[in-house]
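Here's the structure we're looking at; comments come further down.
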Amino acid sequence: MDQEVYEAICRGEVIETYPDDTPYPSVLILGMTDANRPLHVVCAYDKGDDRGVVVTVYQPDPERWEDNRRRKK
């Protein structure tokens, strides 16, 4: 799973931003793995320590996401 998360982050695009998240601002990244599996990765950035933090990872549910990019209403 670690390798897939790495692949998704490296190939991904930011589809949502959460500037008010605490303790650090975060983003939602949509990325594809080598196995062509879509993953959503929420990452935060700790500016003080200059490091990224993976908050959560999940495979987007097609019932809740349109094209894995937009939340369905």
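Laboratory data are not the source of any read-out in this text; all were calculated from the coordinates shown. As the structure is a computational prediction, the values presented were derived from the model and not from experiment. Don't worry about glycine lacking a Cβ; one is built from the backbone with ideal geometry, like all the others, and counts go over all protein chains shown.
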message: For segment 1-15, give me each residue that is surrounded by fewer than 19 Cβ atoms within 10 Å (Cβ to Cβ) and over 16 Å from D61 (Cβ atoms).
response: M1, D2, Q3, E4, V5, Y6, E7, I9, C10, R11, E13, V14
message: Suppose we filter segment 16-50 for residues that are within 17 Å of D2 (Cα to Cα) and either surrounded by fewer than 13 Cβ atoms within 10 Å (Cβ to Cβ) or of a type in the set (D, E, K, R) (or both); how many remain?
response: 4
message: Given the condition among the hydroxyl-bearing types (S, T, Y) and closer than 14 Å to R69 by Cβ, answer yes or no: does some residue in segment 20-38 qualify?
response: no
statement: A8 passes all but one of the listed conditions (1) in contact with a Lys or Arg (Cβ under 9 Å, 6 or more places away or on another chain); (2) free of Cβ contacts under 8 Å to residues at least 40 places away in the same chain; the exception is number (2)
